[in-house]
Amino acid sequence: MKRHFFLSDDLDELEQVERDLEEAGVSTPQIHVLSEDDAGVQAHRLNDVEAVLRKDVVHGTERGAVIGVIGAAIVLAATWATGIAATITWVPPIFLAVIVLGFCTWEGGLIGIQEPHSDFKRFTDDLRAGKHVLFVDVSQPQEDILRRIVSAHPKLTSAGEGPAAPGWFVSTRARIENMMKGTAWRHQ
């Protein structure tokens, strides 16, 4: 799958684009709108980006985990190299290694929650200027559908491409959305 980014300053237009894409067979979980006007996005019933995904929590947590693995390896290597495990056993160093891994992973997530998502950093100025970012994850067969619909909406400005959510994730999310339609959790 590939992610296509578009800019617009008109939520009415984005609502129509989302409706056209859904009618053409692109599922709702493939379409998102990123905006600083959360109330406007909600009023137009657009599929917004969840708050946790606007921040770099996942990427920060991954970086912290990598640093934690390195730190834990250093603790275990130092224990082995010094021979201290023969005196105190391996339990305390292993426990310390687990604590180092956990702390670094947690701290990475805390650092990530303070930063905008790495995929959205390039849109910071546009968002502050009142524009909205539409991004659509499409498979190869859906590329023509997206091109046709985008060409029918001249107010959209192409803003590049990027890696998309995995296809299995999007299809699972689409199934969950379909199950929840009409329930107390999701009225549409």
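The values are calculated or read from the model by the stated rules, or taken from the named source; none is laboratory data. All figures in this text were calculated on a predicted structure; none of them were measured in a lab. Neighbour counts are summed over all protein chains in view; Cβ atoms, including those assigned to glycine, are modelled from backbone coordinates with ideal geometry. Quick note on the areas: whole protein, heavy atoms, side chains included, nothing else; ligands and nucleic acids left out. Shrake-Rupley method; radii C 1.70, N 1.55, O 1.52, S 1.80 Å.
Do you know the relative contact order of region 28-92, to the nearest whole percent, from alpha carbon pairs under 8 angstrom that are 6+ apart?
Once divided by the residue count of region 28-92, the mean separation gives 19 percent.
Rounded, prolate or oblate: which one fits region 117-159, using the alpha carbon gyration tensor with axes a ≥ b ≥ c (rounded when a/c is under 1.5, else prolate when a/b beats b/c, else oblate)?
Working: a/c = 4.16, a/b = 1.60, b/c = 2.60.
Oblate, since a/c reaches 1.5 and b/c is not below a/b.
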Item checked: Karplus-derived 3J(HN,Hα), 6.51/-1.76/1.60, for each residue of region 149-164, Hz, glycine and proline x -> 6, 5, 5, 7, 10, x, 6, 7, 10, 5, 10, x, 10, x, x, 9
Next item on the list: Can you find, among 29, 106, 84, the residue farthest towards the positive end of the dipole of the chain? Put +1 on the C-beta of Lys and Arg, -1 on that of Asp and Glu.
Entry: 84
Checklist line | Mean ellipticity per residue at 222 nm, deg cm²/dmol - from DSSP H runs of n ≥ 4 across the chain, formula -39500 (n - 2.57) | finding: -17000 deg cm²/dmol
Check: What number, in percent, do you get for the relative contact order of the chain if the mean sequence gap of Cα pairs under 8 Å and at least 6 apart is divided by its residue count?
Finding: 42
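Order 101, 34 by their accessible area, 1.4 angstrom probe, all chains in place, largest first. Mind dumping the intermediate values first?
Numbers: 101 65, 34 10 Å².
Descending accessible area places them as 101, 34.
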Next item on the list: With a point put 7 Å past each Cα toward its Cβ, work out how far residue 168 is from residue 88 in nm, to one decimal.
Entry: 4.2
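In region 17-172, carbon and sulfur make up what percent of the accessible area (probe 1.4 Å)?
On the way: 5900 of 8980 Å².
Answer for region 17-172 is 66 percent, counting heavy atoms of protein chains only.
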Item checked: (1) 12.7; (2) 14.1; (3) 10.6, with the label sought being that of the calculated mean projected area of the Cα convex hull in nm² -> (2)
Check: Using the alpha-carbon centroid of each, what span in Å lies between region 158-174 and region 85-147?
Finding: 16
Margin query: Using Cα springs under 10 Å in a Gaussian network model of the chain, which residue among 136, 41, 66 shows the largest mean-square fluctuation?
Written below: 66
Next item on the list: Kindly report, to the nearest 10 Å², the accessible surface of residue 79 as traced by a 1.4 Å probe over protein heavy atoms only.
Entry: 10
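In what sequence, largest accessible area first, do 132, 44 appear using a 1.4 Å probe?
On the way: 132 10, 44 40 Å².
Greatest to least solvent exposure: 44, 132.
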Check: What figure in square angstrom, to the nearest 10, would you give for the accessible area of residue 147 with a 1.4 Å probe?
Finding: 140
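At 1.4 Å probe radius, can you tell me the per residue accessible area of region 15-174 in Å²? Before the final figure, lay out the partial values.
Numbers: 9170 Å² over 160 residues.
Accessible area per residue, region 15-174: 57 Å².
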Notebook entry, point to check: Could you sort 12, 137 by accessible area so the largest value comes first, with the probe set to 1.4 Å?
Noted result: 12, 137
Notebook entry, point to check: What are the semi-axes of the equivalent ellipsoid of region 1-73, taken as the square roots of 5 times the eigenvalues of the Cα gyration tensor, listed largest first and rounded to whole Å?
Noted result: 34, 15, 9
